[in-house]
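Reviewing the structure listed below.
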Amino acid sequence: YFLDKSDKYDSRDVERLQQDDKWVENYLIWRHDVVDDTLKMIDESFQWRKEYTVNDLSESVLPKWLFEIGALFLHGYDKEGYKLFWFKVKHHTRDPKHQLDKKKLVAFWLEHYAKRDHGKPLTVVFDMAETGISHIDLDFVRFIVNCFTDYYPNFLTKIVIFEMPWIMNAAFKIVKGWLGPDAISMLKFTNKSDVQEYISGEYLPPHMGGTDSFKYSYPPLVDDDFQTPLCENGPITSEDEHESKEEIDADTKEAGELNEAQNLNQKKMNSIEQISKSEETDKTEVKPKNAKKALTTFKGPLLHISPAEELYFGSKETGEKKCLIVLTNVTKNVVAFKVRTTAPEKYRVKPSNSSCEPGTSLDIIVSLHGGFAASLQDRFLIMAAEMDQSSGAGVPELTQFWKEVPRTKVMEHRLRCHVIESSKPSSLTLKDNAFNIPAKTNEDLHIQLTHLLQINKRLEEQMNRCLWFQQLSVVLSLLSVTVAAFCFYLAYAQRS
């Protein structure tokens, strides 16, 4: 494919395919490990990506009014913790003149999310409330379907269709023909009474029976995640950009009164929530030698982050409420970092805004605040940027640094939460400073099974070679014995 069609591919996509095993694996998973079908999908998606200039899509190249009408946007999570991709069908009308721009808007949002969250799957919501025949656009629907079935591998978890008008039944029979058996099983037709089987009320608008007060507006781009930074002594509500002099003074005063605060905290915290004294006093020390390694590590340009994708908390039954994040500075400069979350009222982090020396590692303790429980919808964002050697690492210096650092120089990595439902104490959560070990996902098991099958195949080949050599050795041995016997016979015959 590459030799025949290299001019039809974007070289950046080819380079990524050669370097990103996860991307290749997603194509294979989506095509059930059938290599020919996988190659065909890669070929088609690469040609489409170049045709739509997907790698160069940005807000500046698309008409502003497309963003303003709010027909497409990302917001909230379903009950399994997957991001929701909303299609407000009532805001869409057929318009051949702007059809290409609308399709590019879909590609923009998908690529925006794929790059931001490294290809984690989406749940698509077609909100068809207040729609009619004028909103039916089969060409546009087919394009959306093709994005998930042909262009973005393993990127779709389900399609939730809310209150589809009966007049559109015939149209959706046609759509089902485009989806294929795998995607058809992902269709979930819902109404106000059952939509909460898939999406909790906190992420549903009132007309869908929910309590979400979110109102779409543009600019800026909708990004409801990580709006509030975390504080080491519990949640705070102000943005970093609006930190006042009083807040900085309060942080400085807090550092000076650290011992008193520790004594008070130790009286208030129970044995499960308690953090060891060494972790309380040494915010920026190198991680302990006895800390366990995480099974997975995200290798970023500035920091290596363990675990790579998920923080494992216990359920209400287990009572485990702490997790550990290990940051390793892989640069030659000091790296400043800070942690944000989608649920600032729940979590406390230590340290949440600090720096990491070159070549060292740092432990971040994430613990649930008060009586809260972790949720699959909760997310964490780790932001990092290199600092000049002359810059200080105190609270005022860090605050000023984050105000001035260009967005293009900030590394971002996101972690989602996983709740362990077992009622027994689990080794997968942090207790007594042990590092949580992620449980195996279906994808991990699929990878391991594939590796085991490959190893088994190699062992069979080696056994076959060994058997062949063994048989050859036996034949040669018999031949040698026969020759030796014949020689003895000739010698005996000559003597006689």
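Just one of the listed residues (LYS332, LYS293) is charged (D, E, K, R), in a loop (DSSP other than H, G, I, E, B), modelled with pLDDT of 85 or more and farther than 30 Å from GLU202 by Cα, namely LYS332. Do we find that PRO219 is modelled with pLDDT under 85, touching a Lys or Arg at 6+ places or on another chain (Cβ under 9 Å), surrounded by fewer than 17 Cβ atoms within 10 Å (Cβ to Cβ) and part of a loop (DSSP other than H, G, I, E, B) in this structure? Answer is yes for this residue. Of the helices (runs of 4 or more DSSP H) lying entirely inside region 1-87, those containing at least 1 residues that are of a type in the set (Gly, Ala, Ser) and more than 30 Å from GLU202 (Cα to Cα) span 11-19, 35-51. Determine if region 50-70 includes at least one residue that is open to solvent by 20 Å² or more (accessible area, probe 1.4 Å), of a type in the set (D, E, K, R), in the same structural domain as ALA114 (by the TED database) and more than 25 Å from the chain's Cα centre (by Cα). Yes - at least one qualifying residue is present in region 50-70.
For LYS115, state whether it is surrounded by 14 or more Cβ atoms within 10 Å (Cβ to Cβ), on the phi < 0 side of the Ramachandran plot and basic (Lys, Arg). Steps first, please.
On the way: surrounded by 14 or more Cβ atoms within 10 Å (Cβ to Cβ): no; on the phi < 0 side of the Ramachandran plot: yes; basic (Lys, Arg): yes.
Judged against the criteria, LYS115 is not a match.
The number of residues in region 74-86 being open to solvent by 10 Å² or more (accessible area, probe 1.4 Å) and aromatic (Phe, Trp, Tyr) comes to 1. For region 120-130, filtering for residues that are open to solvent by less than 20 Å² (accessible area, probe 1.4 Å) and either in contact with a Lys or Arg (Cβ under 7 Å, 6 or more places away or on another chain) or not in a strand (DSSP E or B) (or both) leaves 5.
Scan region 14-37 and tell me whether some residue there is open to solvent by less than 60 Å² (accessible area, probe 1.4 Å), β-branched (Val, Ile, Thr) and within 30 Å of THR341 (Cβ to Cβ). So far as region 14-37 goes, yes, one or more of its residues are open to solvent by less than 60 Å² (accessible area, probe 1.4 Å), β-branched (Val, Ile, Thr) and within 30 Å of THR341 (Cβ to Cβ).
The values are calculated or read from the model by the stated rules, or taken from the named source; none is laboratory data. Remember, it's a predicted structure, so these values are computed and weren't measured experimentally. As a convention, Cβ positions derive from the backbone with ideal geometry for all residues, glycine included, and neighbour counts pool all protein chains shown. Accessible surface is based on the protein model in full, side chains and every heavy atom, while ligands, DNA and RNA are left aside. Shrake-Rupley method; radii C 1.70, N 1.55, O 1.52, S 1.80 Å.
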